[in-house]
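The values are calculated or read from the model by the stated rules, or taken from the named source; none is laboratory data. The model shown is predicted, which means the values in this text are computed figures rather than measured ones. Cβ: placed from backbone, ideal geometry, glycine included. Neighbour counts: every protein chain shown. To get the accessible areas, we keep the full protein, side chains included, count just its heavy atoms, and leave off ligands, DNA and RNA. Shrake-Rupley method; radii C 1.70, N 1.55, O 1.52, S 1.80 Å.
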Number of protein chains: 2
Amino acid sequence: MNAQPTDASLDTRQRLIEAAILTFAEKGFDGAGIREIALRAKANSALVTYHFSGKEGLYLECLRYIFTRKACRVAELAAAPSPEGPGAREAALQQLRNHIRAFTQDLMACDPSDPQDPLGEAAMALMAREMQAPRAISSALLMEQIRPHVDHLMGCLQVLRPDLSRDELLNMGMSIQGQLLYFRNSLGIARLIRSNPAYPEDLEVVIRHFTDFSLRGLGIPEAFPQPRN
Amino acid sequence: MNAQPTDASLDTRQRLIEAAILTFAEKGFDGAGIREIALRAKANSALVTYHFSGKEGLYLECLRYIFTRKACRVAELAAAPSPEGPGAREAALQQLRNHIRAFTQDLMACDPSDPQDPLGEAAMALMAREMQAPRAISSALLMEQIRPHVDHLMGCLQVLRPDLSRDELLNMGMSIQGQLLYFRNSLGIARLIRSNPAYPEDLEVVIRHFTDFSLRGLGIPEAFPQPRN
DNA sequence: GACTGATTCAAACGATTGATTAATTCTTGT
DNA sequence: ACAAGAATTAATCAATCGTTTGAATCAGTC
(Lines give C-alpha, C1' and ligand atoms only; values in the text may rest on other atoms or scores of the structure.)
Protein backbone atom coordinates (compact mmCIF):
# COMPACT_ATOMS: atom_id res chain seq x y z
CA MET A 1 0.00 0.00 0.00
CA ASN A 2 1.01 3.61 -0.43
CA ALA A 3 1.13 5.60 2.77
CA GLN A 4 2.40 9.01 1.72
CA PRO A 5 2.69 9.35 -2.03
CA THR A 6 5.77 11.06 -3.40
CA ASP A 7 6.02 13.43 -6.32
CA ALA A 8 7.22 10.65 -8.59
CA SER A 9 4.26 8.43 -7.91
CA LEU A 10 1.83 11.28 -8.48
CA ASP A 11 3.02 11.51 -12.07
CA THR A 12 2.46 7.83 -12.61
CA ARG A 13 -0.92 7.95 -10.90
CA GLN A 14 -2.05 10.79 -13.10
CA ARG A 15 -0.74 9.15 -16.27
CA LEU A 16 -2.60 5.97 -15.35
CA ILE A 17 -5.82 7.83 -14.64
CA GLU A 18 -5.74 9.78 -17.87
CA ALA A 19 -4.90 6.71 -19.92
CA ALA A 20 -7.70 4.87 -18.14
CA ILE A 21 -10.23 7.61 -18.93
CA LEU A 22 -9.36 7.40 -22.60
CA THR A 23 -9.52 3.62 -22.67
CA PHE A 24 -12.63 3.24 -20.53
CA ALA A 25 -14.39 5.80 -22.70
CA GLU A 26 -13.48 3.94 -25.86
CA LYS A 27 -14.18 0.39 -24.80
CA GLY A 28 -16.18 0.50 -21.58
CA PHE A 29 -15.21 -0.96 -18.24
CA ASP A 30 -15.22 -4.58 -19.32
CA GLY A 31 -13.74 -3.96 -22.74
CA ALA A 32 -10.71 -2.09 -21.43
CA GLY A 33 -7.84 -4.12 -20.03
CA ILE A 34 -5.36 -2.96 -17.43
CA ARG A 35 -2.46 -4.03 -19.65
CA GLU A 36 -3.70 -1.79 -22.44
CA ILE A 37 -4.20 1.07 -19.99
CA ALA A 38 -0.76 0.59 -18.48
CA LEU A 39 0.83 0.43 -21.92
CA ARG A 40 -0.86 3.69 -22.86
CA ALA A 41 0.41 5.28 -19.65
CA LYS A 42 3.87 3.83 -20.17
CA ALA A 43 3.61 2.14 -16.79
CA ASN A 44 3.55 -1.37 -15.42
CA SER A 45 0.17 -3.02 -15.18
CA ALA A 46 0.89 -4.12 -11.60
CA LEU A 47 0.81 -0.45 -10.59
CA VAL A 48 -2.95 -0.42 -11.09
CA THR A 49 -3.36 -2.72 -8.11
CA TYR A 50 -0.59 -0.95 -6.21
CA HIS A 51 -1.95 2.57 -6.57
CA PHE A 52 -5.69 1.96 -6.84
CA SER A 53 -6.06 -1.48 -5.32
CA GLY A 54 -7.48 -2.94 -8.49
CA LYS A 55 -9.26 -2.12 -11.72
CA GLU A 56 -12.47 -1.01 -9.99
CA GLY A 57 -10.51 1.38 -7.79
CA LEU A 58 -8.91 2.89 -10.86
CA TYR A 59 -12.35 3.30 -12.43
CA LEU A 60 -13.72 5.12 -9.40
CA GLU A 61 -10.64 7.33 -9.34
CA CYS A 62 -11.29 8.22 -12.97
CA LEU A 63 -14.81 9.38 -12.10
CA ARG A 64 -13.51 11.44 -9.18
CA TYR A 65 -10.83 12.93 -11.39
CA ILE A 66 -13.42 13.96 -13.95
CA PHE A 67 -15.78 15.43 -11.35
CA THR A 68 -13.13 17.46 -9.55
CA ARG A 69 -11.10 18.81 -12.47
CA LYS A 70 -13.65 18.94 -15.26
CA ALA A 71 -17.11 20.31 -15.86
CA CYS A 72 -16.02 23.40 -13.95
CA ARG A 73 -18.39 25.77 -15.71
CA VAL A 74 -21.55 24.08 -14.61
CA ALA A 75 -20.17 23.52 -11.13
CA GLU A 76 -19.55 27.24 -10.74
CA LEU A 77 -23.06 28.03 -11.85
CA ALA A 78 -24.56 25.50 -9.48
CA ALA A 79 -22.83 27.32 -6.62
CA ALA A 80 -24.65 30.55 -7.47
CA PRO A 81 -27.37 31.51 -5.00
CA SER A 82 -30.94 30.79 -5.95
CA PRO A 83 -32.67 33.93 -7.14
CA GLU A 84 -34.92 35.58 -4.56
CA GLY A 85 -36.84 38.75 -3.89
CA PRO A 86 -37.59 41.43 -6.49
CA GLY A 87 -35.97 40.83 -9.85
CA ALA A 88 -35.80 37.14 -9.07
CA ARG A 89 -37.61 36.30 -12.26
CA GLU A 90 -35.12 38.06 -14.51
CA ALA A 91 -32.23 36.58 -12.54
CA ALA A 92 -33.62 33.07 -12.82
CA LEU A 93 -34.12 33.50 -16.55
CA GLN A 94 -30.52 34.59 -16.97
CA GLN A 95 -29.27 31.74 -14.81
CA LEU A 96 -31.20 29.27 -16.91
CA ARG A 97 -29.67 30.70 -20.07
CA ASN A 98 -26.24 30.44 -18.50
CA HIS A 99 -26.95 26.88 -17.41
CA ILE A 100 -27.82 25.76 -20.92
CA ARG A 101 -24.79 27.46 -22.39
CA ALA A 102 -22.37 26.17 -19.74
CA PHE A 103 -23.73 22.64 -19.84
CA THR A 104 -23.53 22.44 -23.62
CA GLN A 105 -20.00 23.78 -23.67
CA ASP A 106 -18.95 21.41 -20.91
CA LEU A 107 -20.48 18.53 -22.80
CA MET A 108 -18.58 19.28 -25.97
CA ALA A 109 -15.16 20.05 -24.55
CA CYS A 110 -14.24 20.45 -20.95
CA ASP A 111 -11.19 22.55 -21.61
CA PRO A 112 -12.17 25.59 -23.67
CA SER A 113 -8.55 26.67 -24.15
CA ASP A 114 -7.77 23.40 -25.89
CA PRO A 115 -10.73 22.28 -27.98
CA GLN A 116 -8.67 19.41 -29.35
CA ASP A 117 -8.18 18.01 -25.84
CA PRO A 118 -8.97 14.33 -26.23
CA LEU A 119 -9.19 13.88 -22.49
CA GLY A 120 -12.15 16.21 -22.14
CA GLU A 121 -14.01 14.44 -24.92
CA ALA A 122 -13.28 11.07 -23.37
CA ALA A 123 -14.28 12.24 -19.93
CA MET A 124 -17.74 13.25 -21.11
CA ALA A 125 -18.15 10.07 -23.11
CA LEU A 126 -17.27 8.12 -19.99
CA MET A 127 -19.76 10.12 -17.94
CA ALA A 128 -22.46 9.48 -20.50
CA ARG A 129 -21.76 5.77 -20.37
CA GLU A 130 -21.95 5.88 -16.61
CA MET A 131 -25.22 7.80 -16.50
CA GLN A 132 -26.87 5.38 -18.87
CA ALA A 133 -25.68 2.17 -17.24
CA PRO A 134 -24.41 3.14 -13.79
CA ARG A 135 -22.37 0.55 -11.97
CA ALA A 136 -23.61 -0.19 -8.49
CA ILE A 137 -20.28 0.81 -7.06
CA SER A 138 -20.35 4.27 -8.62
CA SER A 139 -24.00 5.28 -8.48
CA ALA A 140 -23.57 6.87 -5.05
CA LEU A 141 -20.65 8.96 -6.31
CA LEU A 142 -22.70 9.90 -9.35
CA MET A 143 -25.73 11.07 -7.38
CA GLU A 144 -23.57 13.08 -5.00
CA GLN A 145 -22.10 15.01 -7.92
CA ILE A 146 -25.30 15.49 -9.87
CA ARG A 147 -27.49 16.59 -6.99
CA PRO A 148 -26.32 20.23 -6.79
CA HIS A 149 -26.82 20.70 -10.52
CA VAL A 150 -30.34 19.36 -10.28
CA ASP A 151 -31.11 21.57 -7.31
CA HIS A 152 -29.81 24.64 -9.07
CA LEU A 153 -31.80 23.99 -12.22
CA MET A 154 -34.92 23.24 -10.19
CA GLY A 155 -34.47 26.46 -8.28
CA CYS A 156 -34.51 28.46 -11.49
CA LEU A 157 -37.50 26.61 -12.92
CA GLN A 158 -39.48 27.09 -9.74
CA VAL A 159 -39.09 30.84 -9.96
CA LEU A 160 -40.00 30.88 -13.64
CA ARG A 161 -43.03 28.61 -13.29
CA PRO A 162 -44.27 28.91 -9.69
CA ASP A 163 -47.63 27.50 -10.78
CA LEU A 164 -46.21 24.02 -11.46
CA SER A 165 -45.92 21.13 -9.02
CA ARG A 166 -42.62 19.55 -8.13
CA ASP A 167 -43.26 16.63 -10.45
CA GLU A 168 -44.11 18.91 -13.33
CA LEU A 169 -40.99 20.96 -12.68
CA LEU A 170 -38.90 17.79 -12.69
CA ASN A 171 -40.41 16.88 -16.04
CA MET A 172 -39.44 20.31 -17.38
CA GLY A 173 -35.91 19.87 -16.12
CA MET A 174 -35.78 16.42 -17.62
CA SER A 175 -36.79 17.70 -21.03
CA ILE A 176 -34.24 20.49 -20.96
CA GLN A 177 -31.38 18.28 -19.82
CA GLY A 178 -32.52 15.54 -22.17
CA GLN A 179 -31.95 17.66 -25.25
CA LEU A 180 -28.45 18.56 -24.14
CA LEU A 181 -27.34 15.10 -23.12
CA TYR A 182 -28.91 13.41 -26.11
CA PHE A 183 -27.15 15.93 -28.33
CA ARG A 184 -23.89 14.83 -26.77
CA ASN A 185 -24.61 11.12 -26.61
CA SER A 186 -25.82 10.74 -30.14
CA LEU A 187 -23.29 12.92 -31.90
CA GLY A 188 -22.14 9.91 -33.90
CA ILE A 189 -25.57 9.15 -35.28
CA ALA A 190 -26.39 12.82 -35.74
CA ARG A 191 -23.34 13.21 -37.98
CA LEU A 192 -24.37 10.17 -39.98
CA ILE A 193 -27.92 11.44 -40.40
CA ARG A 194 -26.75 14.87 -41.48
CA SER A 195 -24.00 13.42 -43.65
CA ASN A 196 -21.78 16.02 -42.02
CA PRO A 197 -18.90 14.66 -39.93
CA ALA A 198 -18.02 18.18 -38.84
CA TYR A 199 -21.38 18.83 -37.13
CA PRO A 200 -21.77 21.00 -35.17
CA GLU A 201 -19.69 23.55 -37.03
CA ASP A 202 -20.80 26.40 -34.78
CA LEU A 203 -21.67 25.52 -31.20
CA GLU A 204 -23.29 28.91 -30.66
CA VAL A 205 -26.00 28.06 -33.16
CA VAL A 206 -26.83 24.90 -31.26
CA ILE A 207 -26.79 26.70 -27.92
CA ARG A 208 -29.19 29.32 -29.25
CA HIS A 209 -31.50 26.59 -30.50
CA PHE A 210 -31.47 24.79 -27.16
CA THR A 211 -32.15 28.02 -25.32
CA ASP A 212 -35.03 29.08 -27.55
CA PHE A 213 -36.57 25.61 -27.63
CA SER A 214 -36.31 25.23 -23.87
CA LEU A 215 -37.72 28.63 -23.02
CA ARG A 216 -40.62 28.17 -25.40
CA GLY A 217 -41.19 24.66 -24.11
CA LEU A 218 -41.09 25.99 -20.59
CA GLY A 219 -43.84 28.42 -21.52
CA ILE A 220 -42.20 31.75 -20.83
CA PRO A 221 -43.69 34.16 -23.34
CA GLU A 222 -41.93 37.23 -22.05
CA ALA A 223 -38.57 35.69 -22.97
CA PHE A 224 -39.49 36.43 -26.57
CA PRO A 225 -40.49 40.09 -26.70
CA GLN A 226 -40.66 39.88 -30.48
CA PRO A 227 -40.84 36.59 -32.43
CA ARG A 228 -37.94 36.80 -34.84
CA ASN A 229 -39.69 35.95 -38.08
CA MET B 1 -22.90 -24.87 -40.61
CA ASN B 2 -26.69 -24.99 -40.69
CA ALA B 3 -28.14 -25.26 -44.17
CA GLN B 4 -31.88 -25.61 -43.63
CA PRO B 5 -32.84 -25.15 -39.99
CA THR B 6 -35.46 -27.47 -38.58
CA ASP B 7 -38.21 -26.68 -36.12
CA ALA B 8 -36.16 -28.00 -33.24
CA SER B 9 -33.21 -25.70 -33.89
CA LEU B 10 -35.47 -22.66 -34.26
CA ASP B 11 -36.52 -23.05 -30.66
CA THR B 12 -32.93 -23.14 -29.52
CA ARG B 13 -31.98 -20.21 -31.72
CA GLN B 14 -34.79 -18.12 -30.33
CA ARG B 15 -34.01 -19.08 -26.75
CA LEU B 16 -30.39 -18.11 -27.29
CA ILE B 17 -31.31 -14.78 -28.87
CA GLU B 18 -33.72 -13.84 -26.11
CA ALA B 19 -31.29 -14.87 -23.39
CA ALA B 20 -28.57 -12.90 -25.17
CA ILE B 21 -30.73 -9.76 -25.36
CA LEU B 22 -31.31 -9.92 -21.63
CA THR B 23 -27.67 -10.53 -20.82
CA PHE B 24 -26.23 -8.04 -23.32
CA ALA B 25 -28.61 -5.39 -22.00
CA GLU B 26 -27.54 -6.04 -18.42
CA LYS B 27 -23.80 -6.29 -18.87
CA GLY B 28 -22.95 -4.98 -22.30
CA PHE B 29 -21.24 -6.85 -25.10
CA ASP B 30 -17.95 -7.38 -23.32
CA GLY B 31 -19.44 -7.98 -19.91
CA ALA B 32 -21.72 -10.77 -21.05
CA GLY B 33 -20.23 -14.22 -21.53
CA ILE B 34 -21.56 -16.85 -23.88
CA ARG B 35 -21.52 -19.42 -21.11
CA GLU B 36 -23.82 -17.24 -19.04
CA ILE B 37 -26.07 -16.66 -22.05
CA ALA B 38 -26.19 -20.36 -22.88
CA LEU B 39 -26.95 -21.22 -19.26
CA ARG B 40 -29.83 -18.75 -19.30
CA ALA B 41 -31.14 -20.28 -22.51
CA LYS B 42 -30.67 -23.80 -21.15
CA ALA B 43 -28.45 -24.57 -24.12
CA ASN B 44 -24.86 -25.49 -24.77
CA SER B 45 -22.41 -22.64 -25.22
CA ALA B 46 -20.98 -24.26 -28.33
CA LEU B 47 -24.29 -23.63 -30.07
CA VAL B 48 -23.49 -19.94 -30.20
CA THR B 49 -20.73 -20.60 -32.69
CA TYR B 50 -22.80 -23.26 -34.43
CA HIS B 51 -25.91 -21.16 -34.98
CA PHE B 52 -24.48 -17.65 -35.21
CA SER B 53 -20.84 -18.31 -36.06
CA GLY B 54 -19.62 -16.57 -32.93
CA LYS B 55 -20.50 -14.06 -30.27
CA GLU B 56 -20.54 -11.10 -32.65
CA GLY B 57 -22.94 -12.94 -34.93
CA LEU B 58 -25.24 -13.55 -32.01
CA TYR B 59 -25.08 -9.87 -31.11
CA LEU B 60 -26.03 -8.78 -34.62
CA GLU B 61 -28.84 -11.31 -34.63
CA CYS B 62 -30.13 -9.77 -31.40
CA LEU B 63 -30.26 -6.35 -33.01
CA ARG B 64 -32.08 -7.72 -36.05
CA TYR B 65 -34.50 -9.55 -33.79
CA ILE B 66 -35.29 -6.36 -31.92
CA PHE B 67 -35.72 -4.32 -35.08
CA THR B 68 -37.99 -6.80 -36.81
CA ARG B 69 -40.24 -7.90 -33.96
CA LYS B 70 -40.22 -4.89 -31.64
CA ALA B 71 -40.84 -1.18 -31.85
CA CYS B 72 -43.77 -1.96 -34.11
CA ARG B 73 -45.77 1.13 -33.20
CA VAL B 74 -43.22 3.64 -34.42
CA ALA B 75 -42.50 1.55 -37.50
CA GLU B 76 -46.17 1.63 -38.45
CA LEU B 77 -46.28 5.36 -38.06
CA ALA B 78 -43.15 5.85 -40.12
CA ALA B 79 -44.88 4.03 -42.98
CA ALA B 80 -47.71 6.57 -43.01
CA PRO B 81 -47.64 8.93 -45.99
CA SER B 82 -46.27 12.40 -45.46
CA PRO B 83 -49.09 14.92 -45.15
CA GLU B 84 -49.78 16.94 -48.27
CA GLY B 85 -52.29 19.28 -49.81
CA PRO B 86 -55.08 21.05 -47.87
CA GLY B 87 -55.38 19.97 -44.27
CA ALA B 88 -51.75 18.92 -44.30
CA ARG B 89 -50.99 21.07 -41.31
CA GLU B 90 -53.59 19.45 -39.09
CA ALA B 91 -52.54 16.01 -40.32
CA ALA B 92 -48.87 16.71 -39.61
CA LEU B 93 -49.72 17.96 -36.14
CA GLN B 94 -51.66 14.80 -35.39
CA GLN B 95 -48.89 12.61 -36.80
CA LEU B 96 -46.37 14.38 -34.59
CA ARG B 97 -48.56 13.78 -31.55
CA ASN B 98 -48.86 10.12 -32.51
CA HIS B 99 -45.12 9.89 -33.04
CA ILE B 100 -44.35 11.17 -29.55
CA ARG B 101 -46.89 8.85 -27.97
CA ALA B 102 -45.82 5.78 -29.95
CA PHE B 103 -42.13 6.41 -29.41
CA THR B 104 -42.53 6.89 -25.67
CA GLN B 105 -44.66 3.77 -25.34
CA ASP B 106 -42.20 1.77 -27.42
CA LEU B 107 -39.36 3.02 -25.27
CA MET B 108 -41.00 1.91 -22.06
CA ALA B 109 -42.31 -1.47 -23.07
CA CYS B 110 -42.39 -2.93 -26.51
CA ASP B 111 -45.22 -5.31 -25.78
CA PRO B 112 -48.23 -3.35 -24.50
CA SER B 113 -50.18 -6.49 -23.66
CA ASP B 114 -47.51 -7.61 -21.24
CA PRO B 115 -46.05 -4.59 -19.46
CA GLN B 116 -43.98 -6.87 -17.26
CA ASP B 117 -42.23 -8.28 -20.32
CA PRO B 118 -38.57 -8.19 -19.39
CA LEU B 119 -37.52 -8.77 -22.98
CA GLY B 120 -39.03 -5.54 -24.22
CA GLU B 121 -37.31 -3.58 -21.48
CA ALA B 122 -34.01 -5.26 -22.22
CA ALA B 123 -34.36 -4.72 -25.94
CA MET B 124 -34.72 -0.96 -25.51
CA ALA B 125 -31.88 -0.84 -23.02
CA LEU B 126 -29.72 -2.67 -25.52
CA MET B 127 -30.75 -0.28 -28.29
CA ALA B 128 -29.89 2.67 -26.07
CA ARG B 129 -26.47 1.21 -25.40
CA GLU B 130 -25.94 0.68 -29.08
CA MET B 131 -27.01 4.20 -30.07
CA GLN B 132 -24.67 5.75 -27.56
CA ALA B 133 -21.64 3.63 -28.32
CA PRO B 134 -22.32 1.95 -31.64
CA ARG B 135 -20.05 -0.90 -32.60
CA ALA B 136 -18.48 -0.48 -36.01
CA ILE B 137 -20.04 -3.75 -37.10
CA SER B 138 -23.57 -2.66 -36.28
CA SER B 139 -23.67 1.03 -37.17
CA ALA B 140 -24.80 0.28 -40.71
CA LEU B 141 -27.66 -1.85 -39.43
CA LEU B 142 -28.57 0.90 -36.98
CA MET B 143 -28.70 3.66 -39.57
CA GLU B 144 -30.75 1.54 -41.94
CA GLN B 145 -33.40 1.09 -39.26
CA ILE B 146 -33.41 4.63 -37.96
CA ARG B 147 -33.53 6.41 -41.29
CA PRO B 148 -37.29 5.97 -42.00
CA HIS B 149 -38.18 7.25 -38.52
CA VAL B 150 -36.04 10.33 -39.05
CA ASP B 151 -37.55 10.95 -42.46
CA HIS B 152 -41.07 10.63 -41.13
CA LEU B 153 -40.45 13.01 -38.25
CA MET B 154 -38.72 15.51 -40.52
CA GLY B 155 -41.65 15.35 -42.93
CA CYS B 156 -44.04 16.39 -40.16
CA LEU B 157 -41.79 19.16 -38.89
CA GLN B 158 -41.33 20.58 -42.36
CA VAL B 159 -45.07 20.99 -42.79
CA LEU B 160 -45.44 22.56 -39.37
CA ARG B 161 -42.52 24.96 -39.73
CA PRO B 162 -42.00 25.55 -43.46
CA ASP B 163 -40.03 28.70 -42.63
CA LEU B 164 -37.12 26.78 -41.15
CA SER B 165 -34.04 25.47 -42.94
CA ARG B 166 -33.13 21.80 -43.01
CA ASP B 167 -30.48 22.28 -40.32
CA GLU B 168 -32.96 24.08 -38.08
CA LEU B 169 -35.54 21.34 -38.61
CA LEU B 170 -32.95 18.71 -37.72
CA ASN B 171 -32.23 20.61 -34.53
CA MET B 172 -35.94 20.60 -33.70
CA GLY B 173 -36.14 16.89 -34.33
CA MET B 174 -33.05 16.35 -32.19
CA SER B 175 -34.57 18.22 -29.28
CA ILE B 176 -37.84 16.30 -29.48
CA GLN B 177 -36.18 12.89 -29.77
CA GLY B 178 -33.64 13.89 -27.16
CA GLN B 179 -36.27 14.34 -24.48
CA LEU B 180 -37.76 10.95 -25.20
CA LEU B 181 -34.53 8.99 -25.38
CA TYR B 182 -32.99 10.71 -22.39
CA PHE B 183 -36.13 9.93 -20.44
CA ARG B 184 -35.59 6.27 -21.27
CA ASN B 185 -31.82 6.23 -20.84
CA SER B 186 -31.71 7.99 -17.52
CA LEU B 187 -34.64 6.29 -15.84
CA GLY B 188 -32.31 4.93 -13.17
CA ILE B 189 -31.01 8.34 -12.19
CA ALA B 190 -34.43 9.94 -12.54
CA ARG B 191 -35.82 7.49 -10.00
CA LEU B 192 -32.97 8.24 -7.63
CA ILE B 193 -33.46 11.99 -7.98
CA ARG B 194 -37.19 11.75 -7.40
CA SER B 195 -36.72 9.19 -4.63
CA ASN B 196 -39.47 7.30 -6.38
CA PRO B 197 -38.50 3.87 -7.71
CA ALA B 198 -41.94 3.54 -9.30
CA TYR B 199 -41.55 6.57 -11.57
CA PRO B 200 -43.27 7.02 -13.92
CA GLU B 201 -46.46 5.86 -12.27
CA ASP B 202 -48.60 7.09 -15.17
CA LEU B 203 -47.04 7.09 -18.59
CA GLU B 204 -49.86 9.23 -19.99
CA VAL B 205 -48.78 12.13 -17.78
CA VAL B 206 -45.27 11.94 -19.19
CA ILE B 207 -46.53 11.65 -22.76
CA ARG B 208 -48.71 14.74 -22.30
CA HIS B 209 -45.74 16.64 -20.91
CA PHE B 210 -43.52 15.63 -23.84
CA THR B 211 -46.20 16.60 -26.32
CA ASP B 212 -46.88 19.99 -24.77
CA PHE B 213 -43.22 20.79 -24.28
CA SER B 214 -42.34 19.78 -27.83
CA LEU B 215 -45.19 21.66 -29.50
CA ARG B 216 -44.43 24.79 -27.51
CA GLY B 217 -40.70 24.40 -28.21
CA LEU B 218 -41.50 23.92 -31.88
CA GLY B 219 -43.36 27.21 -31.80
CA ILE B 220 -46.86 26.15 -32.82
CA PRO B 221 -49.21 28.51 -31.01
CA GLU B 222 -52.38 27.18 -32.60
CA ALA B 223 -51.77 23.81 -30.94
CA PHE B 224 -52.82 25.49 -27.69
CA PRO B 225 -56.15 27.17 -28.28
CA GLN B 226 -56.41 27.90 -24.61
CA PRO B 227 -53.45 27.74 -22.16
CA ARG B 228 -54.64 25.44 -19.43
CA ASN B 229 -53.76 27.50 -16.37
C1' DG C 1 -33.05 -51.25 -39.72
C1' DA C 2 -29.45 -48.56 -42.11
C1' DC C 3 -28.16 -44.22 -43.91
C1' DT C 4 -27.86 -39.01 -43.89
C1' DG C 5 -27.53 -34.61 -42.23
C1' DA C 6 -28.87 -31.41 -38.76
C1' DT C 7 -28.43 -30.59 -33.91
C1' DT C 8 -26.57 -31.00 -29.34
C1' DC C 9 -23.19 -32.17 -26.02
C1' DA C 10 -19.04 -32.59 -22.83
C1' DA C 11 -14.38 -31.65 -22.95
C1' DA C 12 -10.56 -29.26 -24.02
C1' DC C 13 -8.05 -25.64 -26.69
C1' DG C 14 -5.02 -21.39 -26.65
C1' DA C 15 -5.40 -16.84 -25.40
C1' DT C 16 -6.26 -13.28 -22.27
C1' DT C 17 -8.06 -11.55 -18.03
C1' DG C 18 -7.13 -9.11 -13.26
C1' DA C 19 -4.36 -9.97 -9.54
C1' DT C 20 -0.21 -11.41 -6.99
C1' DT C 21 4.57 -12.28 -5.86
C1' DA C 22 9.29 -11.31 -4.96
C1' DA C 23 13.09 -8.92 -6.43
C1' DT C 24 14.84 -4.41 -7.89
C1' DT C 25 15.20 0.61 -8.40
C1' DC C 26 14.35 5.07 -6.82
C1' DT C 27 13.59 8.64 -3.18
C1' DT C 28 14.15 10.60 1.10
C1' DG C 29 15.66 11.71 5.76
C1' DT C 30 19.46 11.43 8.76
C1' DA D 1 26.95 7.14 3.11
C1' DC D 2 23.36 4.52 4.69
C1' DA D 3 19.16 2.56 6.13
C1' DA D 4 13.93 2.75 5.30
C1' DG D 5 10.27 2.88 2.73
C1' DA D 6 7.96 4.06 -1.46
C1' DA D 7 7.76 2.93 -6.33
C1' DT D 8 8.51 0.00 -10.16
C1' DT D 9 9.51 -4.18 -12.52
C1' DA D 10 9.26 -8.96 -14.72
C1' DA D 11 7.27 -13.18 -13.98
C1' DT D 12 3.63 -15.87 -12.68
C1' DC D 13 -0.92 -17.06 -10.63
C1' DA D 14 -5.62 -19.05 -11.11
C1' DA D 15 -9.68 -17.97 -13.55
C1' DT D 16 -12.28 -17.02 -17.44
C1' DC D 17 -12.73 -15.84 -22.17
C1' DG D 18 -14.55 -17.31 -27.09
C1' DT D 19 -13.80 -21.01 -29.86
C1' DT D 20 -12.90 -25.67 -31.52
C1' DT D 21 -13.18 -30.58 -31.54
C1' DG D 22 -15.14 -35.13 -31.99
C1' DA D 23 -18.49 -37.97 -30.53
C1' DA D 24 -23.41 -38.60 -29.32
C1' DT D 25 -28.30 -37.76 -30.27
C1' DC D 26 -32.16 -36.60 -32.98
C1' DA D 27 -35.28 -36.48 -37.05
C1' DG D 28 -36.41 -37.86 -41.37
C1' DT D 29 -35.81 -41.04 -46.04
C1' DC D 30 -35.21 -44.98 -48.38
Self-check item: In sequence order, calculated HN-Hα J values of the range B:147-159 (Karplus, 6.51, -1.76, 1.60; Hz; x Gly/Pro)
Solution: 3, x, 5, 4, 4, 5, 4, 5, x, 5, 4, 5, 5
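Using a 1.4 Å probe on the protein heavy atoms, what percent of the accessible area of the range B:7-67 belongs to carbon and sulfur?
Carbon with sulfur: 50 percent of the solvent-accessible area.
Which order do the peptides A:47-57, A:171-181 come out in when sorted by mean C-beta neighbours inside 10 angstrom, highest first? Please list the in-between numbers first.
Numbers: A:47-57: 16.4, A:171-181: 24.1.
The peptides rank, most packed first, as A:171-181, A:47-57.
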Quiz prompt | Chains B and A together, accessible area buried on both sides, 1.4 angstrom probe, square angstrom | solution = 4100
Self-check item: Two-site label geometry, residue B:82 and residue B:163: point separation in nm, points 7 Å out along Cα→Cβ
Solution: 2.1
Quiz item: Quick one: if you stick a label point 7 Å off each Cα along the C-beta vector at residue B:196 and residue A:198, how many nm between them?
Solution: 4.6
Self-check item: Average beta carbon contacts from partner chains per residue of A:168-175, 10 Å cutoff
Solution: 6
Quiz item: Over the range B:7-67, how many percent of alpha carbon pairs lie in each 10 Å bin up to the one with the longest distance?
Solution: 26, 64, 10, 0
Quiz item: How about the range A:176-206: which of its residues lose at least 40 Å² of accessible area in the presence of all protein chains relative to their chain isolated, using a 1.4 Å probe?
Solution: A:182, A:185, A:189, A:192, A:193, A:194
